[in-house]
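Below is one structure, written out as structure tokens; the observations come after it.
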């Protein structure tokens with residue numbers, strides 16, 4: 001089923017959704033959002049593309065096997081937890097670095113927690129897409 | 001494939017070979033160096049492993065563990081040296097020595113660990129490495145069967161042992177042996193004592209192959225001969241004996257302990273030595289004599305006097321020395337002639353003089369003939385059994401019968417094959433290489449040395465060992481010549497009986513064969529029937545539960561939910577204590593959302609189209625996320641909304657390929673489902689009301705509110721909990737998400753390739 005309207009709007013929407021998913025991921029620590037929600041939004045973008053065009057097109061646009069993204073995500077999350085070991089602290093203790101912080105402010109916070117959330121994003125994104133692509137292909 | 005094999009260098013089996021030889025040798029020297037110190041006081045060292053659970057890697061090095069450590073490393077050295085020639089050119093030789101080293105570490109850990117949980121872990125390490133070694137010739141079905149049998153029997157015993165360890169640990173308040181053992185009186189008086197004892201004995205009896213769990217040990221002879229010599233004779237099968245000896249201060253000394261151990265031990269000893277005469281394969285003869293030794297050890301540990309414990313410790317060493325030598329000897333004969341058949345082998349003495357010498361020393365010790373250490377051991381056992389207050393006649397009689405039969409077995413194993421005219425064998429007999437001869441010769445020489453100087457053994461090994469098992473006691477003195485006493489007369493009677501039996505042993509063998517053919521009780525075949533029964537049961541219950549009908553699964557899951565949650569409400573009378581519904585006053589907006597959800601639910605139930613039903617479900621889900629928004633939980637609402645959208649997409653992908661719902665499903669079917677659906681609704685509603693009505697404990701909320709920004713630098717509490725406070729939970733969840741996706745992917749890939757249903761039934 002090819003719909004011209006859907007295909008055309010999808011091109012815009014996919015880009016918007018992907019940007020928005022990263023936005024949701026990054027703002028998650030202080031405002032509604034986070035890796036889980038971001039991952040779901042990102043996956044929706046590719047699912048939309050798969051429905052509008054085809055699974056093969058979506059998979060080609062993604063370039064990487066979604067299962068690899070998911071596994072990499074679990075790895076990133078695990079490593080971010082292990083990083084606490086470098087500071088001789090228990091597993092999953094958040095490690096923080098405040099770039100350009102001035103008195104009282106927190107500057108640009110970079111943390112192991114952020115990387116953990118990125119790992120969550122990848123695991124959710126990759127996991128759902130693995131499932132959806134497989135369903136669309138095999139059934 | 002054969003080309004892929006790494007060519008093993010010849011010298012000492014290459015790196016795998018000399019590492020495997022030097023490792024036990026170095027440890028042996030280390031332990032031997034500690035001997036004088038151990039003769040005085042036990043040494044303990046340890047490190048914390050899982051401190052939060054009170055699990056330590058603590059070491060207990062006393063006379064008992066020292067004896068075992070020396071046997072493990074000493075015989076280990078002999079066996080690895082032997083293996084470097086026996087299996088050195090085998091393509092999987094490096095794998096073999098890896099298993100052997102894993103076993104060695106496990107066995108050392110088992111005897112040295114002070115913590116019962118560590119003991120259990122090492123116990124299982126030996127079980128698993130034993131499985132790998134018995135099944136080393138994995139291309140043979142018999143090897144695989146024997147390996148699995150040994151694994152299942154000893155593994156099952158190990159699990160029961162774990163249960164016993166946990167109960168004992170709870171009663172004693174510690175898993176440290178150094179803290180449990182002094183509490184013996186309290187443990188013996190405890191109501192759970194009998195249960196603990198039986199669980200420990202289940203572990204020990206399966207591991208040490210006591211009747212009726214003995215059948216796996218003769219089958220384990222499918223392993224390469226060095227393995228039989230090492231694991232299934234000198235060390236691993238003695239782990240059960242070790243456990244009983246180790247636990248003696250805590251569990252021993254009661255009537256149950258005495259009678260269970262002496263009866264099972266005695267029966268095992270005599271049954272095994274009779275069965276030993278029945279065998280024609282010399283390796284099998286040795287396997288059964290090992291059983292006899294294990295039975296004897298169990299019996300004397302059960303007897304429990306200082307004499308009996310010392311006799312057990314002495315016999316433990318004596319047996320390991322001669323039995324390892326005999327196994328290694330028969331390996332040389334097998335290697336050289338190509339057969340192990342006692343009815344064929346004759347006159348090897350001239351062709352293999354050194355092998356014959358080693359065999360003679362070991363067999364004389366086994367038969368208990370002076371001046372070998374076996375004689376000292378046997379004398380001491382008689383002395384111990386005659387000194388018993390209870391069960392004196394039983395223990396003495398069993399010891400006498402087993403010793404006389406050992407005398408015969410010694411003749412079969414080491415006298416007959418080497419005497420007389422050289423017989424035809426598959427290969428021409430020739431002497432073995434020095435690597436293989438070194439072990440049996442040194443062990444044989446030790447049997448002789450200790451026989452001539454028994455006090456050496458008494459002072460450094462047996463004495464400290466008995467002290468560790470029995471408790472403080474005056475020094476022990478071993479003699480080759482103990483004077484004219486009852487034990488000596490019994491020894492002489494043993495020789496006479498043994499000699500008589502040896503003269504007629506071929507006739508006994510054929511008689512035993514006839515009896516065995518008519519005997520309906522066959523443990524080995526019984527084991528197969530037991531396994532078949534298990535498989536049939538598994539197939540039956542899988543067919544019962546796994547019907548493959550999704551509807552039935554759902555009905556069972558939700559039915560169980562109604563029965564268990566609703567039943568709890570009924571039993572606790574919680575229905576009456578619910579707050580009145582009048583308290584629930586809702587805003588018009590909430591009523592609208594509620595109406596939306598109700599419409600969605602009715603649509604799902606009403607429609608005949610799966611797609612409409614899925615859309616209806618989506619409406620319900622969106623209604624729920626609206627409720628989350630109303631109660632200001634935006635994160636949950638967004639997640640819920642996105643998940644609902646995805647579920648609709650995923651489910652409709654699947655449903656597109658399914659047929660329409662049947663228009664006319666039976667009335668009973670619909671009624672049944674209506675009852676289940678209504679029940680779940682009612683129970684869930686009550687559950688929610690009672691949860692909301694109960695006092696809410698705000699401590700966690702307060703903590704997260706307070707700590708979120710200052711400690712975790714985040715204002716979104718939900719996200720901070722997810723990625724920081726409870727990051728480990730989230731990590732577990734994303735792992736599950738990923739695994740589920742991959743598993744579903746694999747399943748879906750399999751759908752196309754799956755065989756048709758009618759073929760699968762067969």
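Quick notes
- Filter result (more than 14 Å from the chain's Cα centre (by Cα) and in a helix (DSSP H, G or I)) within segment A:70-97: A:78, A:79, A:80, A:81, A:82, A:83, A:84, A:85, A:86, A:87
- Residue match in segment B:456-466 (condition: within 20 Å of residue B:363 (Cα to Cα), touching a residue at least 12 places away in the same chain (Cβ under 8 Å), out of contact with any strand residue (DSSP E or B) (no Cβ under 9 Å at 6 or more places or on another chain) and surrounded by 14 or more Cβ atoms within 10 Å (Cβ to Cβ)): yes
- Identity of the residue in segment A:98-129, under 22 Å from the mean Cα position of the chain (by Cα) and part of a strand (DSSP E or B), that ends up farthest from residue B:734 (Cα to Cα): A:108
- Check on residue A:48, more than 10 Å from every other protein chain (Cβ to nearest Cβ), surrounded by 17 or more Cβ atoms within 10 Å (Cβ to Cβ) and under 20 Å from the mean Cα position of the chain (by Cα): no
A quick yes/no check of all residues on (1) closer than 27 Å to residue B:635 by Cβ; (2) buried (at least 22 other Cβ atoms within 10 Å of the Cβ); (3) within 10 Å of chain B (Cβ to nearest Cβ):
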| residue | (1), (2), (3) |
| --- | --- |
| A:4 | no, no, no |
| A:18 | yes, no, no |
| A:33 | yes, yes, yes |
| A:36 | yes, yes, yes |
| A:80 | yes, yes, yes |
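- Residue match in segment B:343-351 (condition: within 36 Å of the chain's Cα centre (by Cα) and touching a residue at least 60 places away in the same chain (Cβ under 8 Å)): no
- Residue check, residue A:70 surrounded by 16 or more Cβ atoms within 10 Å (Cβ to Cβ), within 12 Å of another protein chain (Cβ to nearest Cβ) and closer than 18 Å to residue B:722 by Cβ: yes
- Selection status of residue B:445, exposed (fewer than 13 other Cβ atoms within 10 Å of the Cβ), modelled with pLDDT of 85 or more, touching a helix residue (DSSP H, G or I) at 6+ places or on another chain (Cβ under 9 Å) and part of a helix (DSSP H, G or I): no
- If the condition is being in a helix (DSSP H, G or I) and more than 9 Å from residue B:223 (Cα to Cα), then segment B:133-145 contributes B:141, B:142, B:144, B:145.
- Considering segment A:20-31, the residues that are facing chain B (nearest Cβ under 9 Å) and part of a helix (DSSP H, G or I) include one that is surrounded by the fewest Cβ atoms within 10 Å (Cβ to Cβ), namely A:27.
- Among the residues making up segment B:586-595, those that are surrounded by fewer than 17 Cβ atoms within 10 Å (Cβ to Cβ), part of a helix (DSSP H, G or I) and touching a helix residue (DSSP H, G or I) at 6+ places or on another chain (Cβ under 8 Å) are B:589, B:590, B:594.
- Verdict on residue B:171 being surrounded by 18 or more Cβ atoms within 10 Å (Cβ to Cβ) and in contact with a helix residue (DSSP H, G or I) (Cβ under 8 Å, 6 or more places away or on another chain): no
- Between A:43, A:61, the distinction of being more than 9 Å from every other protein chain (Cβ to nearest Cβ) and either part of a helix (DSSP H, G or I) or over 27 Å from residue A:6 (Cα atoms) (or both) belongs to A:61 only.
- Residue list for segment A:92-110, filter: in contact with a helix residue (DSSP H, G or I) (Cβ under 9 Å, 6 or more places away or on another chain) and at the interface with chain B (Cβ under 7 Å from one of its Cβ atoms): A:92, A:94, A:96
- Residue selected from segment B:693-715 under the condition touching a helix residue (DSSP H, G or I) at 6+ places or on another chain (Cβ under 7 Å) and surrounded by 18 or more Cβ atoms within 10 Å (Cβ to Cβ), by the criterion farthest from residue A:65 (Cα to Cα): B:708
- Checking each residue in segment B:710-725 for being at the interface with chain A (Cβ under 9 Å from one of its Cβ atoms) and at negative phi picks out B:711, B:712, B:714, B:715, B:716, B:718, B:719, B:720, B:722, B:723, B:724.
- Taking segment B:634-658 as the range and being at the interface with chain A (Cβ under 9 Å from one of its Cβ atoms) and over 23 Å from residue A:17 (Cβ atoms) as the test, the residues that pass are B:654, B:656, B:657.
- If the condition is being modelled with pLDDT under 90 and either assigned to a helix (DSSP H, G or I) or touching a strand residue (DSSP E or B) at 6+ places or on another chain (Cβ under 9 Å) (or both), then segment B:242-273 contributes only B:273.
- Subset of segment B:216-239 [under 16 Å from the mean Cα position of the chain (by Cα) and either in contact (Cβ under 8 Å) with a residue 60 or more places away in the chain or more than 20 Å from residue B:299 (Cβ to Cβ) (or both)]: B:216, B:217, B:220, B:231, B:232, B:235, B:236, B:238, B:239
- If you go through segment B:611-637 and pick out every residue that is more than 29 Å from residue B:718 (Cα to Cα), surrounded by fewer than 18 Cβ atoms within 10 Å (Cβ to Cβ) and in contact (Cβ under 8 Å) with a residue 40 or more places away in the chain, you end up with 1.
- When B:755, B:751 are checked against the criterion of being modelled with pLDDT under 85, surrounded by fewer than 18 Cβ atoms within 10 Å (Cβ to Cβ), at the interface with chain A (Cβ under 7 Å from one of its Cβ atoms) and within 30 Å of residue B:548 (Cα to Cα), a single residue qualifies: B:751.
The values are calculated or read from the model by the stated rules, or taken from the named source; none is laboratory data. All of these numbers come straight from a predicted model, not from anything done at the bench. Cβ coordinates were reconstructed from backbone atoms using ideal geometry, including for glycine residues, and neighbour counts include every protein chain displayed.
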